[in-house]
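Presented below is the structure to which this report refers.
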Amino acid sequence: MAKNIYFEAKSESFAGQAAVALVVLNRVKHKAFPSTICEVIYEGPLYESWKTRQIPDLPQELRTYYPRRDRCQFSWYCDGKADKVKEESAYQEAHRIAWLVLNGHIFDFTEGAIFYHADYVQPKWAKDKQKLFQLDNHIFYRNK
């Protein structure tokens, strides 16, 4: 959860970062999404590494898979960039916010939002959703 907050919203306010975490929790509770936090965050199509694909008898647990670029629920996970934390203080704040959200110290002020996007993009899916609000640089939605 902390990595998702960090990569999705590290430059946002406390509320903006908390809203990103709340969307993840709302997805976990929603029947259309996976039922765990990690499965929600890392959801998206995968492809097998060419190295392990060459070995027909390799057990499944030893195969290596990567996310398909730009096809994930959260863009940082499959944008082709390294997922290495570079700003330790921002990551510590994301970790603190994750703890607060996961331990019920922040109520769901997102009104059940299960989608969001940055305000500088216009995804096709947004027209079919109910816009709830904008917070910092993200616009939040739920199903109509």
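The values are calculated or read from the model by the stated rules, or taken from the named source; none is laboratory data. Everything numeric here is computed off the predicted structure, so don't read it as measured data. Because the Cβ atoms are built from the backbone with ideal geometry, glycine has one as well, and the counts that use them run over all protein chains shown. With ligands, DNA and RNA removed, areas are computed over all heavy atoms of the protein, side chains included. Shrake-Rupley method; radii C 1.70, N 1.55, O 1.52, S 1.80 Å.
Figures for the structure shown
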quantity: Residue within the range 43-51 that is closer than 27 Å to Ser13 by Cα and either surrounded by 13 or more Cβ atoms within 10 Å (Cβ to Cβ) or touching an Asp or Glu at 6+ places or on another chain (Cβ under 7 Å) (or both) present; calculated: yes
quantity: Matching residues in the range 39-51 - criterion: being part of a loop (DSSP other than H, G, I, E, B) and either within 10 Å of the chain's Cα centre (by Cα) or not hydroxyl-bearing (Ser, Thr, Tyr) (or both); calculated: Tyr42, Glu43, Gly44, Pro45
quantity: Qualifying residue in the range 90-112 (condition: assigned to a loop (DSSP other than H, G, I, E, B), modelled with pLDDT of 95 or more and in contact with a His (Cβ under 8 Å, 6 or more places away or on another chain)); calculated: no
quantity: Subset of the range 32-78 that is more than 18 Å from Trp125 (Cβ to Cβ) and acidic (Asp, Glu) - its residue that is modelled with the lowest pLDDT; calculated: Glu48
quantity: Selection count, the range 21-38, where residues are among the charged types (D, E, K, R) and part of a helix (DSSP H, G or I); calculated: 2
quantity: Considering residues of the range 18-31 that are farther than 16 Å from His138 by Cβ and free of Cβ contacts under 8 Å to residues at least 24 places away in the same chain only, the residue least open to solvent (accessible area, probe 1.4 Å); calculated: Val28
quantity: Identity of the residue in the range 1-14, open to solvent by less than 40 Å² (accessible area, probe 1.4 Å) and within 19 Å of Ala113 (Cβ to Cβ), that ends up nearest to the chain's Cα centre (by Cα); calculated: Asn4
quantity: Out of Arg71, Arg63, sole residue that is open to solvent by 100 Å² or more (accessible area, probe 1.4 Å) and either touching a Phe, Trp or Tyr at 6+ places or on another chain (Cβ under 9 Å) or touching a residue at least 12 places away in the same chain (Cβ under 8 Å) (or both); calculated: Arg71
